[in-house]
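K.L.:
For reference, the structure I am asking about is given below.
The values are calculated or read from the model by the stated rules, or taken from the named source; none is laboratory data. Please read all numbers here as calculations on a predicted model, not as lab measurements. Glycine gets a Cβ as well: all are built from the backbone with ideal geometry, and neighbour counts include every protein chain shown. Please note that ligands, DNA and RNA were not included when accessible areas were found on the heavy atoms of the full protein model with its side chains. Shrake-Rupley method; radii C 1.70, N 1.55, O 1.52, S 1.80 Å.
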Amino acid sequence: MFENECEELGRQGLLRMLRRIDSSQGPSVILEGREVVLLCSNNYLGLAEHPRLRQAAQDAIERYGFGSGASRLISGTMSLHEELEARIARFKGTEAAIHFNSGYAANTGVIPSLAGERDALFSDSLNHASIIDGCRLSKARTFVYRHNDMSHLEDLLRVWNGQGRRAIVTDGVFSMDGDLAPLPELVSLAEKYNALVMVDDAHGTGVYGLRGRGTVEHFGLQERIPVQMGTLGKALGSFGAYVAGDHGLIRYLLNSARSYMFSTSLPPAVCAASMAAIELVDTEPWRRERLWQVRERFVTGLARRGVAVPGSPSPIIPVPVGDADKAVAAADRLFQEGIFAPAIRPPTVPPGTSRIRATVMASHNDSQIDQAIDVFGKLADEGFFRKARHG
Ligand SMILES: *Cc1c(COP(=O)(O)O)cnc(C)c1O
């Protein structure tokens, strides 16, 4: 079944394949039988394989068993779910927090709660797919503004004269380009036009801000962004997502977000691992410092080897290729040379902007990064990447 559809995707260079890892998440992994440097995980702080997360999960399994048996509103609220929510609220410095099964579930549940048929949503053109789907599910009038273009956003806010609520939704860190949303300007506009702001900090949580609270802390906007969403499966090395905010918001979401109400809650062991991860973000700030060191080493090394990369301020470093086919060929060459970083193609990114998306982790050692720089340099010489003007 569906052979034609798959063939068509193949012709466009868009057919995807799963790559199997037979080890923990890095910094080097066994990929299809070969040891390679993992350069595409969002496990930024190296917590996914941390002994404290393993131990916390094992202890929770001993005490509570594995599955949670039901949705949160039936019998699926266990003590660890509540402890985790209290811990997230303390971490984020908000009155309360609500825990979702994934970031995808959070966005598709929360956005339709914030805006309905009579309301308007304003969404960045490079927002994550789960935000796009949340906007669609909401049935709200959705205005897509050009990426990070605050004057376009203001034009759209000014034009909308409906009666309902206005809500602006943005990634804190854009997942495929690694750039940040201009949150201070965005919040000022929101205040001027009386719009609600929701920030999705999937890639910011644990990484940005002096204390790892995310991009909202980075910009000092804790008091001015009412809906702070983030995930626990990336830098925190666990699984699940949260929304932090005031009591009213959290109580309302608990009563309206369908992905929360109608889905079995996470196993308590996952909650225990998430709490252990938050604790490590608090007590081991050196992981963030190391992450920034690794990033600096990688980016300056690429520049030295003449590989052009756009100036991303994050551990996400996109290396532009252009063509989907060529990006796939580049990823194959990287793998041959011992580096795992896949091609990112449409529909994840706009046509013609296919790329290798490299991500660095605090757990990479210098020699792994130097190896990666060498290989990228070699591929640039082979004509896969644009050359930087200053080598
Ligand atoms: C990864 C990601 C999500 C989805 O989170 P999951 O927990 O993986 O479902 C949502 N938003 C953004 C910006 C992301 O990068």
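K.L.:
Round to a whole angstrom and tell me the spacing of the C-alpha centers of the range 219-295 and the range 326-343.
P.N.:
32
K.L.:
For the full complex of protein chains and a 1.4 angstrom probe, list Trp292, Trp286, Trp160 by accessible area with the highest value first. Display every interim value, and only then the final one.
P.N.:
Numbers: Trp292 80, Trp286 130, Trp160 35 Å².
Descending accessible area places them as Trp286, Trp292, Trp160.
K.L.:
Can you give me the relative contact order of the range 1-70 as a percent, contacts being Cα pairs under 8 Å and 6 or more apart?
P.N.:
Details: 43 pairs, mean separation 11.7, N = 70.
Answer for the range 1-70 is 17 percent.
K.L.:
Can you list the lysines whose alpha carbon sits under 19 Å from that of Lys92, skipping same-chain ones fewer than 8 residues off?
P.N.:
By straight Cα distance, Lys92 reaches Lys234.
K.L.:
Now for a separate question. Spelling out what I want: for every residue of the range 45-58, take phi, set θ = phi - 60°, compute 6.51 cos²θ - 1.76 cosθ + 1.60 (Karplus), and round to whole Hz; glycine and proline get x.
P.N.:
Running phi through 6.51 cos²θ - 1.76 cosθ + 1.60 with θ = phi - 60° gives 9, x, 8, 4, 9, 6, x, 5, 5, 4, 5, 4, 5, 4 Hz.
K.L.:
Trp292 versus Glu62, label points 7 Å from Cα toward the beta carbon: distance in nm?
P.N.:
Inter-label distance under the simple model: 3.9 nm.
K.L.:
Continuing with this model, one more query. Can you list the aspartates and glutamates whose alpha carbon is less than 19 Å from that of Lys192, not counting same-chain residues fewer than 8 positions off?
P.N.:
Asp119, Asp124, Asp149, Glu154, Asp155, Glu223
K.L.:
Would you mind giving the average projected area, over all directions, of the Cα convex hull of the range 45-113 in nm² with one decimal?
P.N.:
Averaging across all directions leaves 6.1 nm² for the Cα convex hull.
K.L.:
Here's a follow-up. If I stretch the segment between Ser256 and Arg333 completely, what's the gain in nm (0.36 nm per residue apart, minus their alpha carbon distance), one decimal?
P.N.:
Details: separation 77, 0.36 × 77 = 27.72 nm, distance 4.79 nm.
My answer for the length gained is 22.9 nm.
K.L.:
Suppose the chain between Met150 and Gln222 were pulled fully straight at 0.36 nm per residue; how much longer would it get relative to their current alpha carbon spacing?
P.N.:
Working: separation 72, 0.36 × 72 = 25.92 nm, distance 2.03 nm.
Gain in length upon complete extension: 23.9 nm.
K.L.:
In terms of Cα to Cα distance under 22 Å, which lysines are near enough to Lys378, apart from those fewer than 8 places away along the same chain?
P.N.:
Qualifying lysines at Cα under 22 Å: Lys326, Lys387.
K.L.:
Set the Förster distance to 22 Å, then compute FRET efficiency between Ile30 and Asp374 from the Cβ-Cβ distance, nearest 0.05.
P.N.:
Details: r = 21 Å, r/R0 = 0.97.
Efficiency, from the Cβ-Cβ distance: 0.55.
K.L.:
Counting pairs of alpha carbon atoms under 8 Å apart in space and at least six apart in sequence, what relative contact order in percent does the chain give?
P.N.:
Details: 814 pairs, mean separation 84.9, N = 391.
With pairs under 8 Å counted, the relative contact order is 22 percent.
K.L.:
Continuing with the same structure: Can you tally the net charge around Asp119? Count Lys and Arg as +1, Asp and Glu as -1, for every other residue whose Cβ sits under 13 Å from the Cβ of Asp119. Don't skip to the answer; put the middle values down first.
P.N.:
On the way: positive: Arg118, Lys139, Arg141, Arg165, Arg166; negative: Glu117.
Result for the local shell: +4.
K.L.:
With only Lys, Arg, Asp and Glu charged, each at its Cβ (+1 for the first two, -1 for the last two), find how big the charge dipole of the range 51-283 is about the Cα centre; round to the nearest 20 debye.
P.N.:
Computed charge dipole of the range 51-283: roughly 460 debye.
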